[in-house]
Amino acid sequence: MSNERVPLYMQIQEHYKQLITSGELQPDDRIPPEKELLAHFGVSRITVANALSELAKEGWIYRIPGRGSFVNGVPEAQRAASAAGAPEQAANLAAAAPLAHERRMIGLVFPALPDYFAIRLINGLHRVMNDNNYWVSIVLTGNSIQREKEAIRNFIQMGAQGLIIFPVDAQTYNEEILALKVSGFPFVLIDRFLPGVETHFVATDSRRGAKLAVDHLWELGHRKIAICSDSPLPTMTVSDRIAGYMEALKNKNALIDPSLILTDFQIDYNTIDEDHPLYRHVKNQFATAFITLNALLGKYIESIARQIGLRTPEDISIITFDNPDESFDNQTGFTHVNQHEARIGEESGKVLIDLIENRDRKSGYRKIVLEPELEVRKTSGRCTESDSEVKVK
């Protein structure tokens with residue numbers, strides 16, 4: 001029987017029955033106050049009241065008005081049934097609580113699936129979860145923070161054991177994520193983190209990735225290097241990559257041209273708009289190389305260049321964050337910053353399982369930052385412009 005099909009009040013009952021049976025909760029230990037239970041399980045007051053009422057009725061806990069609920073111990077009838085191996089009672093208990101060998105659900109909250117980054121990450125996560133008897137349910141938020149909040153609440157109501165969240169906007173605190181932290185609900189952030197808020201997260205070093213891209217293009221003789229993003233929200237990831245870009249240029253004593261930092265635009269990927277600022281930027285060859293902060297944007301710029309008649313990489317070089325191609329053939333495709341998205345999925349899954357199963361309780365918050373790699377392929381080449389002299393301060 002799947003956990004999400006068991007009524008929530010019964011899940012709470014079985015949670016405390018297991019804690020009492022295992023000895024983790026001893027007689028006269030206090031059950032957390034109702035307010036804490038509401039936050040921890042993410043349920044309504046009536047759900048908590050029903051659960052505690054049934055536990056008291058069956059003899060697992062006792063209640064003192066004005067003081068709260070306390071552990072009574074394993075009821076005599078339950079001990080007798082267990083000792084006798086009563087099949088009917090055991091079957092009833094099994095129906096109310098998920099067995100150890102049953103697959104348990106975890107929720108993945110993701111903004112969108114625009115390219116292969118998300119697919120590779122999900123595949124990595126699925127491998128780890130499948131090997132550990134969990135299954136993954138996915139909700140796409142469409143880059144809406146309101147939908148992100150709803151997804152978190154809905155997953156808790158459905159009985160998810162834990163959550164992996166790719167935040168819509170790391171610079172806006174989602175109070176539902178903060179509530180998860182306060183209540184101790186198992187969750188891991190991926191790709192981004194909340195500045196100033198300690199959480200478990202798995203990401204790749206975005207600054208380092210941008211530096212690798214700039215260094216490669218610089219070695220090829222490029223001096224007019226543009227960096228561009230069409231992210232609808234000013235995320236921490238975008239900020240870190242632009243910071244890495246600027247730091248790499250400063251390390252080379254190069255002037256930073258604000259006109260080459262292209263972030264204030266959005267793209268309709270279904271058409272090429274000749275009036276779009278990005279089209280004009282490529283057509284007028286204001287830059288000899290582009291670093292795009294997502295894979296889809298790199299393919300879009302390559303399409304613009306091809307329509308204009310520019311060759312890649314002879315006339316224009318392009319480096320993308322993440323591989324925009326399905327193929328892993330190193331002899332074809334885009335030069336890209338490999339963020340090891342499958343590993344992000346795997347590592348986040350491992351951390352979440354540890355949290356759910358109460359491993360490494362005293363290890364503190366897990367912050368895993370992977371080292372990116374530059375995969376050099378066919379879209380980056382030597383700059384042929386005659387004026388590619390180094391501009392220094």
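The values are calculated or read from the model by the stated rules, or taken from the named source; none is laboratory data. These figures come from a predicted structure and were not determined experimentally. Neighbour counts are summed over all protein chains in view; Cβ atoms, including those assigned to glycine, are modelled from backbone coordinates with ideal geometry. These accessible areas exclude ligands, DNA and RNA; they are computed on the full protein's heavy atoms, side chains included. Shrake-Rupley method; radii C 1.70, N 1.55, O 1.52, S 1.80 Å.
Structure above, values below:
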item	result
Most to least packed among 208-215, 107-114 [average Cβ atoms within 10 Å]	208-215, 107-114
Ranked order, Y365, Y9 - accessible area, probe 1.4 Å, largest first	Y365, Y9
Efficiency of FRET between D275 and L255 - r from beta-carbon atoms, R0 30 angstrom, step 0.05	0.55
Shape call, the stretch 112-211: gyration tensor on alpha carbons, a/c limit 1.5	rounded
Calculated diffusion of the stretch 161-219, Stokes-Einstein form, Kirkwood radius summed over Cα pairs, 10 °C and 1.306 mPa s, µm²/s	122 µm²/s
Rounded, prolate or oblate (a/c below 1.5 giving rounded, otherwise prolate when a/b exceeds b/c) for the stretch 229-313 by Cα gyration tensor	oblate
Stretchable slack from N123 to I138, in nm (0.36 nm times residue separation minus alpha-carbon distance)	4.2 nm
Cα centroid separation, the stretch 266-340 to the stretch 189-256 (Å)	17 Å
Contour minus Cα-Cα distance for Q26 and I308 (0.36 nm per residue)	94.0 nm
The stretch 265-350 - accessible surface per residue (Å², probe 1.4 Å)	43 Å²
Selection from T47, Q18, I31, by position along the positive dipole direction of the stretch 4-50 (Cβ)	T47
With DNA, RNA and ligands ignored, accessible area of Y62 (1.4 Å probe; Å², nearest 10)	70 Å²
Contour excess over end-to-end distance, with Cα ends at R382 and F70 and 0.36 nm allotted per residue	105.0 nm
Cross-link table K35/K181; K250/K367; K224/K299; K181/K367, entries beyond 18 Å C-alpha to C-alpha	K250/K367; K224/K299
